[in-house]
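Chemist: Here it is: the structure, laid out below.
The values are calculated or read from the model by the stated rules, or taken from the named source; none is laboratory data. Keep in mind it's a predicted model, so treat the numbers as computed, not measured. Using ideal geometry, Cβ is built from the backbone for each residue, glycine included, and neighbour counts are taken over all protein chains shown. The area values use the complete protein model at the heavy-atom level, side chains included, leaving out ligands, DNA and RNA. Shrake-Rupley method; radii C 1.70, N 1.55, O 1.52, S 1.80 Å.
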Amino acid sequence: MQIGQTARITRSFGAADLADFAALSGVDAPTHVPEPLIAALFSYLLGVELPGSGTNYLKQDLNFKAPAPLDVFLTATVEVTRIRADKDLVDLWATCVAPDGTVLCDGRALVKAKDVGA
């Protein structure tokens, strides 16, 4: 792992996803992609891609800037911005953008990861 390394995922959310979200959360189905579904994209990236298996969230600070539209491909990216190998800590910058480049969400994540110095 190194500073500047990135991982990304592209996914769309449709009406069925919102219905499932509403059923699980107990809230009315929203008209745009709910913020927890966008945050879940970052969780996936951190736990599966970068840093990957064994990663533990310590802190997350996300700023939601615009509603995410339905049925368009959103791209979520995490980028390593700092590594503290002595404590197995990794800081990452997270962004989610719409196809037209609109930043829907950005923020930071601090995680404890395995094999940081490797």
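Chemist: Here are the criteria: (1) in a strand (DSSP E or B); (2) out of contact with any Asp or Glu (no Cβ under 8 Å at 6 or more places or on another chain); (3) closer than 17 Å to Asp115 by Cα; (4) open to solvent by 70 Å² or more (accessible area, probe 1.4 Å). Tell me which single one Val90 does not satisfy.
Modeler: For Val90, the failing item is (4).
Chemist: Tell me whether segment 40-54 contains one or more residues that are aliphatic (A, V, I, L, M), closer than 12 Å to Thr10 by Cα, in contact (Cβ under 8 Å) with a residue 12 or more places away in the chain and surrounded by 15 or more Cβ atoms within 10 Å (Cβ to Cβ).
Modeler: yes
Chemist: Among Asp20, Asp28, which is open to solvent by 40 Å² or more (accessible area, probe 1.4 Å) and either in a loop (DSSP other than H, G, I, E, B) or in contact (Cβ under 8 Å) with a residue 60 or more places away in the chain (or both)?
Modeler: Exactly one of Asp20, Asp28 is open to solvent by 40 Å² or more (accessible area, probe 1.4 Å) and either in a loop (DSSP other than H, G, I, E, B) or in contact (Cβ under 8 Å) with a residue 60 or more places away in the chain (or both), namely Asp28.
Chemist: Which numbered condition in (1) of a type in the set (A, V, I, L, M); (2) open to solvent by 40 Å² or more (accessible area, probe 1.4 Å); (3) farther than 14 Å from Glu35 by Cα; (4) at pLDDT 95 or above is the only one that Ala118 fails?
Modeler: Answer for Ala118: the failing condition is (4).
Chemist: Just one of the numbered conditions (1) open to solvent by 70 Å² or more (accessible area, probe 1.4 Å); (2) touching a His at 6+ places or on another chain (Cβ under 9 Å) is not true of Arg108; which one?
Modeler: Unmet condition: (2).
Chemist: Could I ask something else about it? Within segment 56-87, how many residues are on the phi > 0 side of the Ramachandran plot and not in a loop (DSSP other than H, G, I, E, B)?
Modeler: 0
Chemist: What is the residue count in segment 1-17 for residues that are over 16 Å from Cys96 (Cβ atoms) and either part of a loop (DSSP other than H, G, I, E, B) or in contact with a helix residue (DSSP H, G or I) (Cβ under 9 Å, 6 or more places away or on another chain) (or both)?
Modeler: Of the residues in segment 1-17, 6 are over 16 Å from Cys96 (Cβ atoms) and either part of a loop (DSSP other than H, G, I, E, B) or in contact with a helix residue (DSSP H, G or I) (Cβ under 9 Å, 6 or more places away or on another chain) (or both).
Chemist: Specify which of the listed residues (Ser43, Ser53) is part of a helix (DSSP H, G or I) and among the hydroxyl-bearing types (Ser, Thr, Tyr).
Modeler: Answer to the check: Ser43.
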